[in-house]
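Nothing in this text is a laboratory measurement; each read-out follows from the coordinates by a stated rule. It should be emphasised that the depicted structure is a prediction, and the values quoted were computed from it without experimental measurement. A quick note on method: Cβ atoms are made from the backbone with ideal geometry, for glycine too, and the neighbour counts reach across all protein chains shown.
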Protein chains: 2
Amino acid sequence: MSNQECAVNRARVLGRLEEISRIGALENGGVCRLALAPEETESRARLIGWAQALGCVAYADAIGNLFLRFGNVGSNEAPVLVGSHLDTQPVGGNFDGVLGVIAALECVEVLSSQSDRAFLPVEIAIWCNEEGARFNPTTMGSAVHAGHFPLADALAITDAGGQSVEAALRQATASLRAAGISLAPRELAAKYRAYVELHIEQGPVLENEGSAIGVVTDIQGLVQYRVEVSGMAGHAGAVPMEGRQDALTRARALMADIDKELAAIDGLRFTIGRIDVAPGSINTIPARAEFTLDVRHPESDVLTRSAEQIERFRGRAQFTRLIYQAPIPFDPEIVRTIETVAQHRGLGSRRIVSGATHDAAHVAALCPAGMIFVPCRGGISHNENEYCAPDHIIHGTQVLVETVMALAGEPGQ
Amino acid sequence: MSNQECAVNRARVLGRLEEISRIGALENGGVCRLALAPEETESRARLIGWAQALGCVAYADAIGNLFLRFGNVGSNEAPVLVGSHLDTQPVGGNFDGVLGVIAALECVEVLSSQSDRAFLPVEIAIWCNEEGARFNPTTMGSAVHAGHFPLADALAITDAGGQSVEAALRQATASLRAAGISLAPRELAAKYRAYVELHIEQGPVLENEGSAIGVVTDIQGLVQYRVEVSGMAGHAGAVPMEGRQDALTRARALMADIDKELAAIDGLRFTIGRIDVAPGSINTIPARAEFTLDVRHPESDVLTRSAEQIERFRGRAQFTRLIYQAPIPFDPEIVRTIETVAQHRGLGSRRIVSGATHDAAHVAALCPAGMIFVPCRGGISHNENEYCAPDHIIHGTQVLVETVMALAGEPGQ
């Protein structure tokens with residue numbers, strides 16, 4: 001197979017991204033397509049239309065994940081799964097999620113042009129509510145599909161307006177039906193041959209190093225805390241410095257000590273994303289300070305050890321563990337396949353750990369999985385300024401297409 | 001004059017404090033008498049009634065400060081002024097303000113029993129909206145009276161419900177009139193012989209040192225800032241530690257450097273009472289951090305120098321100066337008089353700087369002024385747990401009475 005034969009169609013890929021970006025477009029170039037909202041449903045309908053034109057059949061599972069099957073429709077043969085999500089943050093960008101979906105569709109486009117060769121079935125996956133922006137938590141659809149989150153619990157989650165996932169899902173399905181689209185049922189935790197997802201990095205590493213392709217080896221593990229420090233309120237003018245029990249001063253000392261411990265751990269990322277003090281008055285000594293701690297590492301034992309080190313400060317504050325997600329290593333075979341494909345195309349690549357979590361973290365429990373990252377400008381994401389250059393889009397899509405062809409390729413040969 | 005002759009009536013003072021504490025009483029022992037609200041007006045009516053029974057005449061100025069004149073009524077002779085305020089915080093205590101008013105009334109009680117001796121006229125002052133809780137700013141009434149704040153601006157200030165000071169004042173005056181109380185007009189910035197105010201310390205110094213009487217020498221000066229630090233948002237998992245532009249990390253380093261500078265300045269009090277970060281999400285690197293800085297010192301040049309030192313950090317943040325109040329030194333003669341009175345009574349006293357501001361800070365611009373502090377438990381104020389022991393109340397009132405008698409005493413002798 002020559003490079004020429006499986007080349008992606010640049011105009012088609014960029015044109016489709018552009019077309020989807022108009023659904024839910026915001027004033028400053030960004031987009032708002034909340035999970036199961038009319039804008040997301042419209043973008044799903046557009047995808048289904050394009051896929052059906054290629055002979056795909058559309059399935060949906062009970063939590064609203066969409067599967068567009070190409071090849072051997074009707075058989076139970078485990079497909080190679082490729083996809084991402086179409087929902088966005090309330091003020092989101094035009095690449096997070098949708099790039100992986102349009103690139104997955106391009107895989108099917110290229111496969112459909114290779115009618116002379118046999119492939120395993122390939123399915124485009126469009127995961128429901130990856131962002132967690134309308135319905136908390138994030139990666140809800142893939143978590144339910146993989147059996148990591150109970151279906152009934154997910155259906156009962158409500159948005160800020162009080163609408164449940166179940167009701168929103170019913171509405172979205174009704175809208176699709178009204179547009180003439182019906183979806184065949186798909187069981188949860190179905191069998192897959194492999195899963196690959198293309199995504200913007202959402203960090204600055206590839207851009208800074210001039211790498212076109214990030215070969216994702218792992219998704220970092222994550223532990224998050226709420227930390228509460230107590231003190232005693234007092235008048236900022238009346239209470240002498242000596243003998244103050246200033247909760248913020250204590251919290252700052254604690255943060256500095258935690259910093260010192262964690263900075264010594266190689267590869268650890270930690271962030272204090274929120275801090276609040278009470279009563280929060282300019283002339284009152286804080287009686288209470290509360291901050292969050294987000295700690296990530298790709299290695300399970302390092303993450304566990306870091307958590308232990310943090311919890312050793314228990315004497316100075318109340319630590320509440322909010323979440324613990326173990327690191328996810330991706331399939332070494334898929335990692336090598338992506339690397340080989342990039343090399344054949346002459347694209348600079350580097351192995352990279354995903355700092356953010358993704359649907360692939362859940363799907364990795366069902367089948368060998370991998371991810372491909374492409375650079376985004378300044379590492380900016382979840383923001384209207386999110387930007388991925390056309391060349392990066394095309395290079396990433398090309399590597400995805402050839403990886404999927406390799407995974408689905410020519411069985412029996 | 002013997003100690004016996006001018007002794008305060010313990011039962012009367014404590015009983016009146018108890019009676020006023022019932023007006024606006026809250027569930028947990030505290031009180032809510034917002035400025036110009038019906039509860040405060042009712043407490044003013046009670047005071048006027050008690051004072052009228054002693055032969056006082058009630059005056060009010062254009063901003064709702066109340067003056068209850070005893071002796072030489074109708075003359076223009078400059079009186080010795082003694083007072084405080086009756087308004088409270090929304091969840092306030094039973095001593096802040098009201099103690100100084102009941103003690104001022106006790107001065108008139110004792111004077112009225114000394115009918116054989118000549119005194120200058122004495123007036124009880126009840127300042128309007130000292131707390132600044134309903135109408136911002138604090139010490140509004142005394143500031144307007146002293147010419148430090150324009151009357152028209154003050155009348156136009158509105159509360160959270162949109163009612164103006166002017167409308168609230170009209171309502172309060174109508175309520176008093178309906179209760180048969182009419183108020184003679186009093187010009188702003190009237191002439192006074194002296195001003196003395198008794199107040200709870202609102203800090204822990206007297207209690208910690210076991211002093212019954214605080215002889216206030218100065219009110220600290222105050223400079224407040226809003227400090228804004230910029231950074232760059234990013235995903236807590238995706239952006240490596242190196243090269244992060246974390247606004248909170250920067251703000252913490254700045255706070256530490258400011259700490260170091262200011263800790264070296266003797267007697268300076270500084271407080272960070274508020275801190276906020278944006279976007280304030282657990283898994284997002286802060287793009288912006290904002291905190292306040294409240295800095296106090298009794299000496300003008302030290303305060304000015306401290307402000308300069310703080311503003312030298314301009315390169316690292318945006319500093320907005322919110323307020324600058326110069327320190328107020330009290331009259332050395334009055335300070336000595338209070339000290340002598342306490343000594344004669346055998347009460348332990350110490351010189352003390354007021355950390356909080358008070359109406360006396362404004363009145364000090366019109367006449368020689370001074371303040372007397374008494375201990376409050378744990379330094380707690382603006383709180384339902386505010387507590388001043390009966391002995392401290394009586395000792396403070398006794399010192400106030402004798403100080404006023406000394407200031408108003410026996411002219412021509």
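Could you pull out the trypsin sites (Lys or Arg not before Pro) across the stretch B:164-195 that fall in loop regions by DSSP (anything but H, G, I, E, B) with no more than 15 other Cβ atoms inside 10 Å?
On the way: sites: B:Arg170, B:Arg177, B:Arg186, B:Lys191, B:Arg193; in loops: B:Arg186, B:Lys191, B:Arg193.
Qualifying residues, ordered by number: B:Lys191.
Hey, what does the equivalent ellipsoid look like for the stretch A:221-325, semi-axes from the Cα gyration tensor as sqrt of 5 times each eigenvalue, largest first, whole Å? Write down the numbers at each step before the final one.
Numbers: eigenvalues 180, 30, 21 Å².
Three semi-axes, in Å: 30, 12, 10.
Kindly give Rg over Rh for the stretch A:279-345, based on alpha-carbon atoms, with the Kirkwood expression for the hydrodynamic radius. Walk me through the intermediate numbers first.
Numbers: Rg = 20.7 Å, Rh = 16.1 Å.
Over the Cα atoms of the stretch A:279-345, Rg/Rh equals 1.28.
Can you give the convex hull volume per residue for the Cα atoms of the stretch B:138-252, as a whole number of Å³? Each step should come with its number before you reach the end.
Working: hull volume 32.7 nm³, N = 115.
Once divided by residue count, the hull of the stretch B:138-252 is 285 Å³.
How do B:Thr88, A:Thr337 rank when sorted from fewest to most other Cβ atoms within 10 Å of their own Cβ?
On the way: B:Thr88 31, A:Thr337 22.
By the 10 Å Cβ count, ascending: A:Thr337, B:Thr88.
If amide H atoms are built 1.01 Å from N in the plane of the peptide, which residues on other chains or at least 5 residues away come under 5 Å of the amide H of B:Ala369?
It is B:Tyr195, B:Asp331, by chain and number.
Which FRET efficiency value, to the nearest 0.05, is calculated for A:Ala365 and A:Ala389 with the Förster distance at 22 angstrom and r the Cβ-Cβ distance?
Efficiency, from the Cβ-Cβ distance: 0.10.
Just counting partner chain Cβ atoms within 10 Å, what average do the residues of peptide A:379-385 show around their Cβ?
Values: counts 8, 5, 4, 7, 4, 0, 0.
The per-residue average across the peptide is 4.
Could you give the semi-axes, largest first, of the ellipsoid that matches chain A, computed as the square roots of 5 times the alpha carbon gyration tensor eigenvalues and rounded to whole Å? Could the numbers behind the result be given before it?
Numbers: eigenvalues 357, 116, 75 Å².
After diagonalising the Cα gyration tensor, the semi-axes are 42, 24, 19 Å.
Assume the label is 7 Å from Cα along Cα to beta carbon: what separations in nm does A:Gly378 have to the matching positions in the other copies?
4.9
Once both labels are modelled 7 Å past Cα along the beta-carbon direction, what's the A:Ala11-A:Asn72 spacing in nm?
Between A:Ala11 and A:Asn72, the simple spin-label model gives 3.5 nm.
Under 10 Å, Cα contacts only: if you run a Gaussian network model on chain B, which one of B:Gly132, B:Gly162, B:Gly30 comes out with the highest mean-square fluctuation?
Top of the fluctuation ranking is B:Gly162.
Lys and Arg at +1, Asp and Glu at -1: add these up for the other residues within a Cβ distance under 12 Å of B:Leu206 and post the number. Provide the component values of the computation, followed by the final result.
Details: positive: B:Arg350, B:Arg351, B:Arg377; negative: B:Glu201, B:Glu207, B:Glu209.
Local net charge: 0.
Report the extension gain between A:Arg305 and A:Ala179 in nm, rounded to one decimal, defined as 0.36 nm multiplied by the number of residues separating them, less their alpha carbon distance. Kindly include the intermediate steps, with their values, before the conclusion.
On the way: separation 126, 0.36 × 126 = 45.36 nm, distance 5.32 nm.
Difference between extended and current length: 40.0 nm.
Per-residue HN-Hα couplings for the stretch B:281-295, Karplus 6.51 cos²θ - 1.76 cosθ + 1.60 at θ = phi - 60°, whole Hz, x for Gly and Pro?
Couplings: 10, 4, 10, 10, 5, x, 8, 8, 10, 9, 9, 10, 9, 10, 10 Hz.
Which ³J(HN,Hα) values, rounded to whole Hz and listed in residue order, are derived for the stretch A:308-325 from phi using the Karplus coefficients 6.51, -1.76 and 1.60 in 6.51 cos²θ - 1.76 cosθ + 1.60 with θ = phi - 60°, glycine and proline given as x?
4, 4, 4, 6, 5, 8, 3, x, 9, 6, 9, 9, 10, 7, 8, 7, 9, 10
Decide, for the protein assembly as shown, between rounded, prolate and oblate: order the square roots of the alpha carbon gyration tensor eigenvalues as a ≥ b ≥ c, take rounded if a/c falls under 1.5, and otherwise choose prolate if a/b is larger than b/c, else oblate.
On the way: a/c = 3.54, a/b = 2.78, b/c = 1.27.
Prolate, because a/c is 1.5 or more and a/b exceeds b/c.
5 Å is the cut-off here: which amide hydrogens, built 1.01 Å from N in the peptide plane, fall below it relative to B:Val31, excluding neighbours closer than 5 in sequence?
Long-range HN contacts for B:Val31: B:Leu26, B:Gly92, B:Gly93.
Under the rule of at least 5 residues apart or a separate chain, name every residue whose amide H is placed under 5 Å from the amide H of A:Arg274.
Under 5 Å from the amide H of A:Arg274: A:Thr292.
Counting only other chains, what is the mean number of Cβ atoms within 10 angstrom of the Cβ of each residue in peptide A:259-272?
On the way: counts 2, 0, 0, 1, 1, 0, 0, 0, 2, 1, 9, 2, 16, 9.
Mean shielding count: 3.
In sequence order, what are the phi-derived ³J(HN,Hα) couplings for the stretch A:77-89 according to the Karplus relation 6.51 cos²θ - 1.76 cosθ + 1.60 with θ = phi - 60°, rounded to whole Hz, with x for glycine and proline?
My calculation for the stretch A:77-89 gives 4, 5, x, 7, 9, 8, x, 5, 9, 10, 6, 9, 5 Hz in order.
Work out how much length B:Asp259 to B:Ala156 would gain on full extension: take 0.36 nm times their residue separation and subtract the Cα-Cα distance, in nm to one decimal. Don't jump to the answer; show the numbers that get you there.
Numbers: separation 103, 0.36 × 103 = 37.08 nm, distance 3.91 nm.
Computed gain between B:Asp259 and B:Ala156 is 33.2 nm.
Let me know the longest stretch in chain A that avoids all GluC sites (Glu not before Pro) found in a DSSP loop with at most 14 other C-beta atoms within 10 Å. It would help to have the intermediate numbers written out before the result.
Values: sites that count: A:Glu5, A:Glu27, A:Glu77, A:Glu187, A:Glu242.
Maximal segment without exposed cleavage sites: A:243-413.
Could you give me D for the stretch B:96-163, from Stokes-Einstein at 37 °C and 0.692 mPa s, where the hydrodynamic radius is the Kirkwood radius over C-alpha pairs? Units µm² s⁻¹, please. Mind dumping the intermediate values first?
On the way: Rh = 14.2 Å.
The diffusion coefficient I find is 231 µm²/s.
For B:Ala25, what charge total do you get from the other residues with a beta carbon under 13 Å from its beta carbon, if Lys and Arg give +1 and Asp and Glu give -1?
On the way: positive: B:Arg22, B:Arg33; negative: B:Glu18, B:Glu19, B:Glu27, B:Glu39, B:Glu42, B:Glu384.
Counting the neighbours of B:Ala25, the net charge comes to -4.
Out of the stretch A:60-147, which trypsin sites (Lys or Arg not before Pro) are coil in DSSP terms and have no more than 12 other C-beta atoms within 10 Å? Before the final figure, lay out each step's value.
Working: sites: A:Arg69, A:Arg117, A:Arg134; in loops: A:Arg117, A:Arg134.
Within the stretch A:60-147, the qualifying trypsin sites (Lys or Arg not before Pro) (loop, at most 12 other Cβ atoms within 10 Å) are A:Arg117.
Given the C-alpha atoms of the stretch B:269-413, compute the convex hull and give its volume per residue in Å³. The partial results should precede the final answer.
Details: hull volume 23.3 nm³, N = 145.
Convex hull of Cα atoms, per residue: 160 Å³.
For chain B, what does the relative contact order come out to in percent, with C-alpha contacts under 8 Å and a separation of six or more?
Working: 897 pairs, mean separation 97.5, N = 413.
It rounds to 24 percent for chain B.
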